[in-house]
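Engineer: I have a structure I would like to understand better, so I am pasting it below and will then ask my questions one at a time.
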Amino acid sequence: MKFVTELDLVISDISARCSKKSYTIHPLNIEEYANNYATPMKKTEQRRSAASIQAEILPYLFQTFPQRNEFHLFGSRYPTDENGGDFYDSYLLDEEHLGFVIAEVSGKGVSTALFKVILKSLIKTQAYKCTSPSEILTTINYQLYETNRMGMFATAFLGILDLRTGALSYANAGHMLPLHSERGKNHQEINSRPGFVLAGIKGIQYKEFQLTMKPGDRLLLFTDRITEAKNSSKIPYGYNRLLTVVNEDDARSLVELYDYILEDVKKYTQTTEINENITMLFIEFRKYRINQNSSIIIDT
């Protein structure tokens, strides 16, 4: 299919545009991409192509970096709508730093899929250049805003975890606040104020926050499709119910916790099929890394 085979050219173009430092403007015209690659196709083909792009860049379930014992990372995206705008990603930036992101792009379809590809590529490219989440989001917002003629936007939460100390630096562009739990304690919102969405306002300087994680600590990142899921009376699932569910049993593994949340959302909405994407990313910090060859082992 032409649209899918052109994806490599789009990503290659993005990489070339991102090769210079920080605040240089790199035109990233989503409208141009969408018109060039999507206009000749019928709507059904466009939806199929968007879904193919989603499948290429985002597995529905993943457990990555299995060789690393300092942390456990698990991501999921309940596959109800393959053309949705949410995604997650993670990167081992070096032997001592783990980067991760969860984001949601406005809209659906081909333009959203392309915007997602570009945003995902920009975040990854900048994360390997810079260890400051706030600077990364500030740069990406600058790049996206200049050529955002279609009025698209995205929320994103980006974190970088120092595996030697447990120091987590993070920045938030309008995304739902993650839940943090210390070992053996209840989950609660992390301490930060979300900044504005990406590509919405020119010249935003995102703030950076810090959190110290200890062995046994967990983070749960999610999109608002969970809290906005509605029952037959059109009442949202809500943040408080999610918080109650995750705090019911701290002995669950990350995969078990994901399954439990998903089943509770289905129970609440009284359906076996959820009408919106549900995307979650779980991180458990397990051990401090002291050098490239060894870690301090602490039972969790």
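Engineer: Name the one entry in S111, S169 that is farther than 18 Å from S90 by Cα and either without any contact (Cβ under 8 Å) to a residue 12 or more places away in the chain or not β-branched (V, I, T) (or both). Please lay out each step first, then the result.
Structural biologist: Numbers: S169 fails: farther than 18 Å from S90 by Cα.
Only one candidate qualifies: S111.
Engineer: Among the residues in the stretch 189-205, are any closer than 17 Å to M280 by Cβ, of a type outside the set (S, T, Y), over 18 Å from the mean Cα position of the chain (by Cα) and crowded, with 18+ Cβ neighbours inside 10 Å?
Structural biologist: For the stretch 189-205, residues closer than 17 Å to M280 by Cβ, of a type outside the set (S, T, Y), over 18 Å from the mean Cα position of the chain (by Cα) and crowded, with 18+ Cβ neighbours inside 10 Å: absent.
Engineer: Cβ contacts < 6 Å: first residue basic (K, R) and surrounded by fewer than 18 Cβ atoms within 10 Å (Cβ to Cβ), restricted to the stretch 207-222; second residue part of a strand (DSSP E or B) and modelled with pLDDT of 95 or more, any location; separation 6+ or different chain. Result?
Structural biologist: none
Engineer: Next up: Does K266 count as at pLDDT 85 or above, of a type outside the set (D, E) and within 19 Å of Y78 (Cα to Cα)?
Structural biologist: The answer is yes for K266.
Engineer: Starting from residues that are among the small types (G, A, S) and modelled with pLDDT under 95, keep the ones in the stretch 180-197 and report whichever is nearest to P215 (Cα to Cα).
Structural biologist: For the stretch 180-197, the residue satisfying everything is G184.
Engineer: Just give me the residues in the stretch 195-216 being more than 30 Å from G184 (Cα to Cα) and among the β-branched types (V, I, T), in sequence order.
Structural biologist: V197, I201, I204
Engineer: Among the residues that make up the stretch 149-167, is at least one of them of a type in the set (D, E, K, R), within 21 Å of G107 (Cβ to Cβ) and out of contact with any helix residue (DSSP H, G or I) (no Cβ under 8 Å at 6 or more places or on another chain)?
Structural biologist: no
The values are calculated or read from the model by the stated rules, or taken from the named source; none is laboratory data. Nothing here was measured: the structure is a model prediction, and the numbers come from that model. Ideal geometry is used to build each Cβ from the backbone, glycine not excepted, and the neighbour counts take in all protein chains shown.
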